[in-house]
Amino acid sequence: MHVLLADDHDLVRESLKAYIERLAPDIAVEAGRDFNDALALVGQSSPFDVIVLDLRMPGMNGLEGLKKIRGLRPGIPVVIMSGSTDAQIVRDALALGAKGFFPKTMNGQVLVNALRLVTAGETFIPSIYLSGGESDLGADAGEPGTASASFTKREQEVLHHLLRGRSNKEIAQSLGIEEVTIKLHVRGVCRKLGARNRTEAVAIAHQRGFGA
């Protein structure tokens, strides 16, 4: 995987690059110092698999930078990274075509998992925005009286298959995505249900009326 990570803070940028590459040797990170640097790198012939842009770096002008990058490379998923946790910024970024929002408070392993999700065609939204407020971000709200509003659409699909006793491999084949991506979604389902494993997640889901 080839990632462009643009952030004007040297310590943040270089620390994230080193941490990602240490945790995931298959990921190569190209570091950009600001938005203009990112534009120059994106204009090169070697394409990136995902682009991560710091919201506050020079040249971004809010989300104008997101629009410029998407216009230049519409086929590459772009993610916004920020120290702010403003839900309105997340909504605006998604509306402009961002494939995710990475808060700078997330740990390295979560960041690596999020990068894999985005390159697999998914959208990554921090769980803080999925606790009773996902409908505000344009996701399905689910049925009244259920906890389905806290799941992404893909997590709901994965849970549907889990309730039918299907393995990760079977779910991956059914949904047409990689098994490693299914594992990430299963973790998300377990976390949001407060379950320690998939078996416990299924039991809790049945108790709450999912799949009934």
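Each reported figure results from applying straightforward, stated rules to the coordinates on display, with no laboratory input. As the structure is a computational prediction, the values presented were derived from the model and not from experiment. Cβ coordinates were reconstructed from backbone atoms using ideal geometry, including for glycine residues, and neighbour counts include every protein chain displayed.
Spatial offset of segment 1-38 relative to segment 68-88 amounts to 15 Å, using the alpha carbon center of each.
Largest GNM mean-square fluctuation across 123, 152, 199, computed for the chain with C-alpha springs under 10 Å, falls on 199. Against the chain, whose longest principal axis comes from its Cα atoms, helix 153-162 is set at around 40 degrees.
Note on the chain: with a GNM built from Cα contacts shorter than 10 Å, the maximum mean-square fluctuation among 125, 69, 177 falls on 177.
Distance between the pseudo-spin-label points of residue 26 and residue 109 (7 Å out from Cα toward the beta carbon): 1.8 nm.
Please state the shape class of segment 2-127: rounded when a/c is under 1.5, otherwise prolate if a/b exceeds b/c and oblate if not, all from the C-alpha gyration tensor. It is rounded, given that a/c, with a ≥ b ≥ c, falls under 1.5. Result for the chain in a Gaussian network model with C-alpha springs under 10 Å: among 54, 34, 92, the largest mean-square fluctuation is at 92.
Counting only helical runs of four or more DSSP H residues, what would the 222 nm mean residue ellipticity of the chain come to if each run contributes -39,500 (n - 2.57) and the total is spread over all its residues? Let's see the in-between values first.
Numbers: 9 runs with 95 residues, N = 212.
So the helix-based figure for the chain works out to -13500 deg cm²/dmol.
For the listed residue pairs 153/192; 99/153; 67/183; 17/99, the alpha carbons are over 22 angstrom apart in 67/183.
What share of Cα pairs, in percent, lie more than 32 angstrom apart in the chain? Result: 20 percent of Cα pairs exceed 32 Å.
Against the main long axis of the alpha-carbon atoms of the chain, helix 108-119 sits at an angle near 90°. For the peptides 164-174, 6-16, residues were scored by their other Cβ atoms within 10 Å and the scores averaged per peptide; the highest-first order is 6-16, 164-174. For the chain, take the longest principal axis of its alpha carbons; what is the angle in degrees between that and the long axis of helix 198-207, to the nearest 10 within 0 to 90? Roughly 60 degrees, rounded to the nearest 10.
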